Amino acid sequence: MSVAVITGGTRGVGAGIARAFLRTGAQVVICARHPPPRPLTADGRHARYHPLDVRDPEAAAEFCDRVARDHGSLDVLVNNAGGAPYRPLAEGDPRRHARVIELNLLAPLYLSRAAHALMRTQRGGGAIVMVGSVSGTRPSPGTAAYGAAKAGLENLARSMAMEWAGDGVRVNTVVLGMARTELTQLHYGDEAGVAAVSATVPLGRLAEPEEVGDACVFLASDAARYISGASLAVHGGGERPAFLDAANVNEP
C-alpha cells in the first residue's frame with residue numbers, strides 16, 4: 001500500500017485529491033496550517049492530518065521524515081498548497097507579492113527536495129506531482145505573482161524530472177483550469193456568475209476536485225511509469241481565443 005502526502009489537502013481541490021488517493025487504498029497524509037473542518041474520508045477510509053507551514057524548509061524536512069517513520073515510506077508527494085488573493089502588482093506591500101511566490105514556488109521546492117531525499121533510498125523510488133495552473137501559461141492580471149510562480153513551477157518540475165530520473169523519482173505537473181470548490185462563489189459570484197464562467201469552458205462546466213485527483217492518481221501510478229517531466233492539462237478543453245468573439249465573421 002502506497003503512502004501519499006497531499007499538501008493543502010484539507011479543503012477544496014486538495015481535499016478532492018486526497019479522496020481520490022484514499023479510494024486507491026493508499027495511506028493518505030494531508031498537511032496545512034489548519035486542520036480540516038471535519039475528518040476527510042472516502043470509501044470508509046480517512047486521511048491523517050499533520051499541521052505544517054509548507055513555506056518553512058526545516059519543518060518540511062522534519063514532516064517528510066516523520067511520514068516515512070510513521071508509515072514506512074513516502075511514495076507520492078502532491079504539491080497542491082497554493083493560491084493568491086486578487087492584488088494588482090502596483091498595489092499592496094511588495095512583500096505580499098513575494099509571499100505568494102514563496103507559497104506557490106518555493107514551498108513545492110522545499111517539500112520536493114525533502115521527499116526526494118527519502119524516495120531515492122526506496123526500492124520503488126517515488127512520484128511527485130505539482131499542481132500547476134493555466135495562469136502560468138497566459139497573462140494573469142490581478143494575480144501576476146501567482147502566475148509567475150506557477151510558470152516557474154512547471155519549469156522546476158521538468159528540471160527535477162531530469163535531475164532525479166536516475167534516482168527512480170518521477171516528477172510531473174497537472175496544469176489546472178477552473179475548479180468548483182467551497183470558495184467558487186468568492187471568485188465568480190453567485191450561481192449565475194458561476195454558470196456564465198462555466199459557459200466559457202469548452203466542456204461547459206468547472207472541474208470537480210475529485211477529477212483533479214484522478215489526474216494526480218494517474219500520474220503517480222504505475223500506468224504512468226514512463227511519464228516524467230510532463231504537463232497534463234486538466235482544463236476542460238482550454239480557453240476560447242478572445243478574437244473569435246470580437247471578430248465580425250461567421251465561424252465555419
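The values are calculated or read from the model by the stated rules, or taken from the named source; none is laboratory data. The shown structure was predicted, so the numbers you read here are calculated from the model rather than taken from an experiment. Glycine also receives a Cβ, built like all others from the backbone with ideal geometry; neighbour counts cover every protein chain displayed. Note: accessible area is taken over every heavy atom of the protein model, side chains too, but ligands, DNA and RNA are not part of it. Shrake-Rupley method; radii C 1.70, N 1.55, O 1.52, S 1.80 Å.
Within segment 123-143, if we keep just the residues that are over 18 Å from the mean Cα position of the chain (by Cα) and over 13 Å from VAL100 (Cβ atoms), the residue that is least open to solvent (accessible area, probe 1.4 Å) turns out to be GLY125. Residues being surrounded by fewer than 17 Cβ atoms within 10 Å (Cβ to Cβ), at pLDDT below 95 and more than 13 Å from the chain's Cα centre (by Cα) are entirely absent from segment 13-29.
Specify the residue that is surrounded by the fewest Cβ atoms within 10 Å (Cβ to Cβ); the eligible residues are those in segment 182-229 that are acidic (Asp, Glu) and touching a residue at least 60 places away in the same chain (Cβ under 8 Å). Reasoning before the result, please.
The initial filter retains those residues of segment 182-229 that are acidic (Asp, Glu), namely 182, 190-191, 208, 210-211, 214, 222.
Then keep just the ones that are touching a residue at least 60 places away in the same chain (Cβ under 8 Å); that gives 182, 208, 210-211, 214.
Details: GLU182: 11, GLU208: 14, GLU210: 17, GLU211: 17, ASP214: 18.
So, considering only residues that are acidic (Asp, Glu) and touching a residue at least 60 places away in the same chain (Cβ under 8 Å), the one surrounded by the fewest Cβ atoms within 10 Å (Cβ to Cβ) is GLU182.
Working only within segment 59-88, note down all residues that are of a type in the set (A, V, I, L, M, F, W, C) and either without any contact (Cβ under 8 Å) to a residue 40 or more places away in the chain or surrounded by fewer than 15 Cβ atoms within 10 Å (Cβ to Cβ) (or both). Give the steps one after another, and end with the answer.
So the first thing to find is which residues in segment 59-88 are of a type in the set (A, V, I, L, M, F, W, C), and the list is 59-61, 63-64, 67-68, 74, 76-78, 81, 84.
Result: ALA59, single match.
The residues of segment 6-44 that are touching a strand residue (DSSP E or B) at 6+ places or on another chain (Cβ under 9 Å) and basic (Lys, Arg), listed by number, are ARG11, ARG19, ARG23, ARG33.
Within segment 204-227, being of a type in the set (Val, Ile, Thr) and not in a helix (DSSP H, G or I) holds for one residue alone: ILE227.
VAL13 passes every criterion in (1) in contact with a Ser or Thr (Cβ under 8 Å, 6 or more places away or on another chain); (2) without any contact (Cβ under 8 Å) to a residue 40 or more places away in the chain apart from (2). Among the conditions (1) closer than 23 Å to PHE218 by Cβ; (2) not in a helix (DSSP H, G or I), VAL67 misses just one, which is (2).
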